[in-house]
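One structure is given below, encoded as structure tokens.
The values are calculated or read from the model by the stated rules, or taken from the named source; none is laboratory data. For clarity, every value in this text was computed on a predicted model and none was experimentally measured. Here the Cβ positions follow ideal geometry from the backbone for every residue, glycine too, while neighbour counts run over all protein chains shown. Surface accessibility is based on the protein's heavy atoms, side chains included, excluding ligands, DNA and RNA. Shrake-Rupley method; radii C 1.70, N 1.55, O 1.52, S 1.80 Å.
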Amino acid sequence: MQKLPLFIVTGASGVGKTTVMQELRVLLPDFDVFSTDNDNFGTTASKLEYQDRFNLLLHFANSVAKSGRGTIICGTFMPWDAQKCDTYNNFSELCFINLHCDDTTRNNRLRNREDKDTWTDEMLASHEEFAQWLLNNAKTAYNPPMPTIDTTSTPPSEVAEHIKRYVILKWKQTI
């Protein structure tokens, strides 16, 4: 059986990963789109630790791949998290896509969410550092190198179109 690539849309909190999911489901109907967010796992599974959730998602993606379909996972997910999963080697490659926006935009988005009271200045600063780390390491810590899509003023539908082009290009290279 041919190994297929797995696509992961990542980035700091507030960059638009969850927002772009519905657009991706419409634009890429032959792909299953999952999230790493707690609320996508139901009450029992939502209690899973992050690594257990990541492992479960890769199992889902592996099952999807057995039917010849692709999977996109949206959420903060790092290569070393994926490498710890049982089914990591069942994919031809993991293709990460970084969503990024400027610090002011991200901080405003986070401060306007339902959970806005949890976003302290320290947490916002931590996400600023993480977002910068992703930019600085996109070409060296990721194989293949991770493209970045700026979501500062780009509408979610256009962000999804960028993701679609990348996914289709990589998919065609594999099949």
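A few notes on this one:
- Computed [θ] at 222 nm, helices only, for the chain once each DSSP H run of length n ≥ 4 contributes -39500 (n - 2.57): -14500 deg cm²/dmol
- Using θ = phi - 60° and Karplus 6.51 cos²θ - 1.76 cosθ + 1.60, couplings along the stretch 141-155 (whole Hz; Gly, Pro as x): 8, 10, 9, x, x, 8, x, 10, 10, 7, 9, 3, 10, 8, x
- Only protein atoms count toward the accessible area here, which uses a 1.4 Å probe; on the chain, the carbon and sulfur part of that area reaches 49 percent.
- Between the exposed loop cleavage positions of the chain, defined as GluC sites (Glu not before Pro) in a non-H, G, I, E, B DSSP state with at most 10 neighbouring beta-carbon atoms within 10 angstrom, the longest gap is 50-113.
- Listed pairs K47/K172; K47/K164; K17/K47; K3/K47; K84/K139 exceeding 28 Å between Cα atoms: K47/K172; K47/K164; K3/K47
- Here the gap between D150 and L48, fully extended at 0.36 nm per residue and compared with their Cα-Cα distance, gives a gain of 33.6 nm.
- Within-12-Å neighbourhood charge of G14 [Cβ basis; K, R +1; D, E -1]: +2
- Accessible surface for the chain, divided over its residues, is 53 Å² per residue with a 1.4 Å probe.
- Pairwise Cα distances in the chain exceed 26 Å for 26 percent of all pairs.
- Prolate/oblate/rounded label for the stretch 61-101 (Cα gyration tensor, a/c 1.5): oblate
- Near the amide H of V33, within less than 5 Å, lie the amide hydrogens of I72, all on another chain or at least 5 residues away, with H placed in the peptide plane.
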